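Quick notes on the structure that follows.
Read-outs throughout are calculated quantities, based only on the coordinates presented, and are distinct from any laboratory measurement. Since we're looking at a predicted model, the values are computed, not measured. Cβ placement follows ideal geometry from the backbone for every residue including glycine, while neighbour counts extend to all protein chains displayed.
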Amino acid sequence: MDAFLTAMLVIAAGAVLYALLRRTAGAAPQPEPISVTLDGDSILFSIFLQRSIAVRMRELRPGWAIEDRSAVGLKLQAMVAGYDAPFPGAPLEYFPRGPQPPYARVPRASRVVVIEAGGNDALNPRDLADWEADMRAAIDIVRAEGRTPVLTGIVDFDVGEGRPADFKAQRDAFNAATHRLAAEYGLQHAGWGEDHRGPQDTIDGLHRSQDASDRLAALLVAAIERALADNNITGETHA
């Protein structure tokens, strides 16, 4: 190959490489998926149901990356302090993530963290001021990590066997506290405590039916999207 042809090939290759580099440099970066961590109890776990809230959320927003860390019987107090099991003798299928460290040491990578735990604290019952201190601690931990907390509120139930009126009053007070804290911190609230339409919404008077659970998933998706807009968080939201 003569020198002239060799030089022309080198020039042509350089031009192609330059064009590729310019195209790559000018290309818009691909959006990361919206990432969400779910922390909560049996309502979020969707015990007794075929389709969990996390699964329904993935159906509604296929582009989201959702990590479900819910555990049956979990109290907010235990979530913040860490636990070997959410309640004594809990079977492992009720807390698939296994024992958990204190909340501040739980590894998280998501942009949004949903805090749903609190219903079991309200119904056992527990002092509201102590519970509120734990909720503040959980919110502060998430915010200190640069993530966005979203609160769900505490689901309502019908008064009946095992669910006396004073338990309902306790639930009402704890749910009102979630709204007060959301307003104080400027957080989005999913309004789960206000979405109770009667006995048909529950299987056992407390845990949700499939239709009611699916409504909670839709409310939570809407609250997360409001939080994303509030914090100018963008990313892939649909597949």
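At-a-glance table
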{"item": "From phi via Karplus (6.51, -1.76, 1.60), per-residue ³J(HN,Hα) for the range 40-45 in Hz, x at Gly/Pro", "result": "x, 10, 5, 5, 6, 4"}
{"item": "Cβ-Cβ FRET estimate between residue 211 and residue 90, R0 fixed at 22 Å, reported to 0.05", "result": "0.20"}
{"item": "Built amide H within the under 5 Å cut-off of residue 208, gap 5+", "result": "203"}
{"item": "FRET efficiency, residue 50 to residue 159 (Cβ-Cβ, R0 25 Å, nearest 0.05)", "result": "0.35"}
{"item": "Length released on extending from residue 194 to residue 222, taking residue separation times 0.36 nm less the Cα-Cα span", "result": "8.6 nm"}
{"item": "Summed residue charge, Cβ within 12 Å of residue 59's Cβ, Lys/Arg positive, Asp/Glu negative", "result": "+3"}
{"item": "Amide H within-cut-off set for residue 188, under 5 Å, with H built and near neighbours excluded", "result": "151"}
{"item": "Relative frequency of Cα-Cα separations exceeding 21 Å in the range 175-239, percent", "result": "37"}
{"item": "Relative contact order for the range 64-180, counting Cα pairs under 8 Å that sit 6 or more residues apart, in percent", "result": "25"}
{"item": "Distance (nanometres) between label positions extended 7 Å along Cα→Cβ at residue 104 and residue 184", "result": "1.9"}
{"item": "³J(HN,Hα) computed for each position of the range 50-57 - Karplus, 6.51 cos²θ - 1.76 cosθ + 1.60, integer Hz, glycine/proline x", "result": "6, 10, 6, 4, 4, 5, 5, 5"}
{"item": "Local electrostatic count at residue 95 - Lys and Arg +1, Asp and Glu -1, tallied over other residues with Cβ under 15 Å", "result": "-4"}
{"item": "Value of relative contact order over the range 178-230, rounded to a whole percent, pairs C-alpha under 8 Å and six or more apart", "result": "37"}
{"item": "Added length on full extension, which subtracts the Cα-Cα distance from 0.36 nm per residue, residue 136 to residue 67", "result": "22.6 nm"}
{"item": "In sequence order, calculated HN-Hα J values of the range 62-71 (Karplus, 6.51, -1.76, 1.60; Hz; x Gly/Pro)", "result": "x, x, 7, 9, 10, 10, 9, 10, 6, 8"}
{"item": "Distance (nanometres) between label positions extended 7 Å along Cα→Cβ at residue 97 and residue 204", "result": "2.2"}
